[in-house]
Every structure is written in structure tokens, then in C-alpha cells.
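What follows is one structure encoded as C-alpha cells, with my remarks underneath.
The values are calculated or read from the model by the stated rules, or taken from the named source; none is laboratory data. This one's a predicted model, so the numbers in the text were calculated from it and none came from an experiment. Glycine gets a Cβ as well: all are built from the backbone with ideal geometry, and neighbour counts include every protein chain shown.
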Amino acid sequence: MSHERSVSAPEHELSPETVWHIQMPEIRFGLNATEELPVQIRDIGVEAGAHGLVVTDETLVDLGHADRVVSELTDAGFEADVYDESEREPSVSAIDDAVEFVRDQQGESGYDFYVGLGGGSCIDTAKATRVVVENGGSPLEYIAEPTGDGKPIEDAGPPLVLMPTTAGTGAEISPVAILSVEEKEIKEAISSNHVRADAAVLDPTFTTTLPPEMSAKTAMDALGHAIEGYTTHPFDSLLRASDPGSRPVYAGRTPLTEMFSEKAIDLLSNNVRQVVNNGDDLEARSKMLQGALFGAIAGLTAGATLCHAMAYPVGNRYHTYHGETIATLTPASTIDYNSASDPARFARVAELFGIDTTGLTDREAADALKAQYIQLQKDLNVLPSGLNELAGITEDDVDWLAEQTVETQARLLRCNPRPVTKEDVHEIFVDALYNWDPDEP
Ligand SMILES: [Fe+2]
């Protein structure tokens with residue numbers, strides 16, 4: 001087996017990696033787990049009477065979810081303020097605004113604890129706000145060079161608990177906060193183990209208010225994490241980091257991440273139709289939230305691959321939702337292109353999708369997986385038929401997208417199990433313009 005440099009460790013020994021390590025927030029999961037938020041907060045060291053901030057957005061305030069969280073906190077003797085100005089796909093300046101709010105309310109040291117409530121955008125706002133209040137300056141200083149200054153984050157700051165209201169991004173366990181850098185029209189991550197929350201409280205009752213379209217889009221993102229994490233390089237095919245402390249954030253798949261991927265693919269692919277058709281089905285909602293969590297434990301530890309790399313330039317230029325972009329790109333990138341790297345592994349994904357692979361070669365099973373994945377998208381009836389329907393993208397736009405993918409997404413492309421050139425990416429984008437004929441009955 002040949003060994004590659006790992007994705008982000010600065011220095012490597014010339015020997016294969018032999019150790020894997022997983023770092024996770026404390027996790028509390030279940031119907032009405034919100035009632036245990038005060039217990040969770042005390043468990044991570046917050047004292048009685050402490051003053052916290054709930055970072056969320058206006059929709060979640062209107063739905064009453066923010067009130068529910070604040071009541072649990074105040075009934076348990078904490079003080080809680082609400083910041084409801086998180087924006088979709090938060091920009092660097094949106095974080096500056098949130099940091100300013102914190103300093104206006106509480107001075108330089110900020111709040112005693114933070115709660116992020118919402119989808120990936122609210123959660124990333126909470127993560128970025130906490131580390132910037134603690135470490136000073138602006139978020140751009142902590143984004144990697146050349147976009148930012150690449151300043152190391154010295155300290156995580158006060159305790160942070162994240163409460164997702166969608167079953168998708170997995171941001172509640174990940175060590176990154178993704179921000180858009182307006183002047184460069186790109187998205188970049190503040191990436192550090194100090195960005196990761198101390199705890200995540202996952203309550204499926206929050207996800208019942210998610211409309212069918214958002215339920216489908218966020219599910220396809222979660223499924224992307226699970227499949228990409230399952231099909232990235234194994235950890236021991238990478239070179240060992242010289243210093244265990246600098247082992248990269250995306251460190252390849254391990255026996256543990258594979259187990260989580262398998263369960264996530266099963267839960268997500270077999271329950272998504274139900275939550276899109278009947279949003280009140282709490283059992284299905286619960287399985288989807290578990291699937292999204294497991295997909296994140298797998299994919300956001302092992303590494304997302306080509307599909308995520310291609311999705312960022314699309315999202316930056318056309319402001320499409322991340323999950324639907326992932327849905328649109330998955331058949332051509334993750335399945336079609338990458339299955340050549342290890343057809344047997346994709347045949348296993350096909351089985352997890354519920355496909356009867358008896359008598360099929362691995363290659364045929366991978367092809368059946370592609371057909372089934374596209375059928376799933378059609379059945380959901382709220383997802384675009386390809387990049388063209390997604391954002392009016394045509395072959396004329398593909399050159400720019402391919403160039404941006406190769407130039408700005410090296411971090412993710414290194415995780416891809418099959419080497420990829422700009423020409424390959426170009427061809428995959430063309431394939432993804434039409435996954436099916438939108439005029440088909
Ligand atoms: Fe994602």
C-alpha cells in the first residue's frame with residue numbers, strides 16, 4: 001500500500017500512521033433532551049447563577065424554540081440572553097457583529113457560557129463568536145493563510161453547548177466554523193479543536209418544525225458525510241504526523257468511523273422519505289437526527305471528499321443551500337467517479353441502501369447505487385434534477401467552477417480516494433448538470 005501525506009499535519013515522519021484518535025463533545029440525545037440542558041451545563045463546569053447567551057436566529061425565536069431553551073435555563077437558576085441575528089451562511093462581518101453584541105452586554109470577558117441553537121449557520125455563529133470573544137481580534141485572523149492570518153487559537157473560552165434543530169450538518173460535533181469571506185467570494189473555515197463544543201444536546205422534537213424541503217436538503221448533506229467518510233482513505237494509508245498533537249482534523253477512516261458510517265447510511269436512506277412526507281413522525285425524526293449525528297461522527301472525523309470540495313465553489317457563487325448542492329453533485333462525484341477507487345466498498349453502500357446485490361458484480365452494484373440514489377431524490381420531489389435546475393448552471397460556467405475547486409479546496413481533495421485533476425472535475429461538473437430529465441413525467 002502506498003502512503004500519502006495526511007491532510008493537514010504540518011510535518012510527517014516517513015512511516016505509516018498507526019494510531020487514530022477521536023475527540024468528541026459530550027453528547028446527550030433523545031426526545032425532550034432539552035429538559036436536561038441545565039444538567040448538561042453544570043456537568044461541563046458552569047456554576048449556578050451563571051449568565052449565558054443563546055445564539056440563534058429569528059425563525060427559531062418565532063417558532064418558540066429559543067423561549068423553550070431560555071425557560072429551561074432560567075427555571076434552573078441561570079441567567080440567559082438571546083442573540084437572534086445569526087445569518088444564513090454567516091459572514092466574517094456577521095461574527096464581528098455578534099462579538100460586538102457580547103462585548104456591549106458583558107464587556108471583554110463575555111458571557112459565562114454559550115448555547116448555539118439552530119441549523120449549521122446558528123451553530124457556526126455560536127462557535128466562532130465564542131472563540132473570537134475569548135482570543136480577541138476578528139475571525140479573519142484565525143482563518144488559514146492565505147485568506148486569513150492563520151493565527152493559532154490559544155483557548156476555547158467558556159463552555160459551549162450546541163443544540164441542532166436540523167438533521168444534517170453535524171456542526172454540533174465538528175471542530176470547524178465555516179464562514180463566508182465576502183470580499184473574496186469564498187467560504188473558509190476556522191478550524192481547531194478549540195472550536196469544537198464541550199457538549200451537544202440533540203432533541204428530535206426541535207426537528208419536527210423543519211419544512212419538507214429543508215428536511216430533504218439537510219438529510220442529503222448528512223448522507224454525504226456518511227458516504228464520503230466511508231469511502232475516504234483509511235487512516236493507516238496516510239503518513240504519520242511527526243507530533244501527535246498536530247494529527248490532522250481529517251485523518252482518514254478508522255474502524256470506529258466505518259461503524260458509524262454504516263449505521264448512518266442505513267438510518268438516513270431508509271427514513272428520509274418518511275420525514276419529508278410526514279414531518280410530525282417523531283420516530284422517523286429521531287432516526288434521522290441519529291443518522292445525521294452518526295454521519296458527522298464518521299465523515300467529519302475521517303474526512304469529506306470530492307463532492308464537498310466541488311460544493312463549496314457552487315455555494316459561494318450561486319448561494320445555493322449546502323445540502324441540495326451535495327445532493328446534486330453526489331451521483332457524478334462520490335458514486336460515479338470515486339467508485340473506481342474501491343468498487344467493493346461502494347457495493348457495500350448499495351447494500352446499506354437496501355439494494356439486493358445478489359448476483360451483481362461490485363461494479364454493477366455501484367451502478368445500482370447511483371440509480372437508487374437518483375430515484376431517492378426524485379421520490380423526495382423537492383430536490384433539483386441537476387446543477388442546471390439548481391442554479392441555472394450551464395457548460396459555460398463549468399470551467400470557473402472546476403478551477404475554483406482545484407485552487408481552493410486542496411484540504412478536501414487530499415481526502416479523496418481517487419486522484420483528481422482539473423479536467424476530471426470539469427467532466428464531473430458537466431455530468432452533474434442533469435442527473436435526470438426534469439421534464440420526465
Ligand atoms: Fe456537509
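Key figures
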{"quantity": "Tabulated pairs, the range 37-56, first touching a residue at least 40 places away in the same chain (Cβ under 8 Å), second in a strand (DSSP E or B) and of a type in the set (Lys, Arg), C-beta under 7 angstrom, 6+ apart or interchain", "calculated": "40/28"}
{"quantity": "Test for residue 47: is it under 30 Å from residue 316 (Cβ atoms), out of contact with any helix residue (DSSP H, G or I) (no Cβ under 8 Å at 6 or more places or on another chain) and acidic (Asp, Glu)", "calculated": "no"}
{"quantity": "Qualifying residue in the range 183-198 (condition: away from the ligand (no atom under 16 Å from the Cβ), without any contact (Cβ under 8 Å) to a residue 12 or more places away in the chain and in a helix (DSSP H, G or I))", "calculated": "yes"}
{"quantity": "Qualifying position, being within 16 Å of the ligand (Cβ to nearest atom) and not assigned by TED's automatic domain parsing to the domain that holds residue 218, among 157, 170", "calculated": "170"}
{"quantity": "Residue check, residue 242 touching a strand residue (DSSP E or B) at 6+ places or on another chain (Cβ under 7 Å), among the hydroxyl-bearing types (Ser, Thr, Tyr) and either more than 16 Å from the ligand (Cβ to nearest atom) or in the same structural domain as residue 412 (by TED's automatic domain parsing) (or both)", "calculated": "yes"}
{"quantity": "Residue ID - nearest to residue 147 (Cα to Cα), chosen from residues in the range 172-198 that are among the acidic types (Asp, Glu) and at pLDDT below 90", "calculated": "188"}
{"quantity": "Within the range 81-101, tally of residues that are in contact with a Leu (Cβ under 7 Å, 6 or more places away or on another chain), within 16 Å of residue 124 (Cβ to Cβ) and not in a loop (DSSP other than H, G, I, E, B)", "calculated": "4"}
{"quantity": "Looking only at the range 213-240, and only at residues there that are crowded, with 24+ Cβ neighbours inside 10 Å and among the hydroxyl-bearing types (Ser, Thr, Tyr), the one that is farthest from residue 337 (Cα to Cα)", "calculated": "215"}
{"quantity": "Boolean, residue 218 is over 27 Å from residue 125 (Cβ atoms), at pLDDT 95 or above and within 16 Å of the ligand (Cβ to nearest atom)", "calculated": "no"}
{"quantity": "The range 226-250, subset under 24 Å from the mean Cα position of the chain (by Cα) and aliphatic (A, V, I, L, M), residue nearest to residue 22 (Cα to Cα)", "calculated": "249"}
{"quantity": "Evaluation of residue 397 against (1) assigned to a helix (DSSP H, G or I); (2) among the charged types (D, E, K, R); (3) at pLDDT below 95; (4) farther than 23 Å from residue 304 by Cα (one fails), failing number", "calculated": "(3)"}
{"quantity": "Within the range 313-337, tally of residues that are within 11 Å of the ligand (Cβ to nearest atom) and surrounded by fewer than 24 Cβ atoms within 10 Å (Cβ to Cβ)", "calculated": "2"}
{"quantity": "Qualifying residue in the range 289-300 (condition: more than 13 Å from the ligand (Cβ to nearest atom) and more than 21 Å from residue 118 (Cβ to Cβ))", "calculated": "no"}
{"quantity": "Complete set of residues in the range 247-279 that are of a type in the set (Gly, Ala, Ser), part of a helix (DSSP H, G or I) and farther than 20 Å from residue 415 by Cβ", "calculated": "269"}
{"quantity": "Looking only at the range 134-154, and only at residues there that are in a loop (DSSP other than H, G, I, E, B) and of a type in the set (Asp, Glu), the one that is nearest to the ligand (Cβ to nearest atom)", "calculated": "145"}
{"quantity": "Cβ-Cβ under 6 Å pairs, at least 6 apart or on other chains, the range 209-224 side within 19 Å of residue 62 (Cα to Cα) and touching a residue at least 60 places away in the same chain (Cβ under 8 Å), far side of a type outside the set (D, E, K, R) and within 14 Å of the ligand (Cβ to nearest atom)", "calculated": "210/166"}
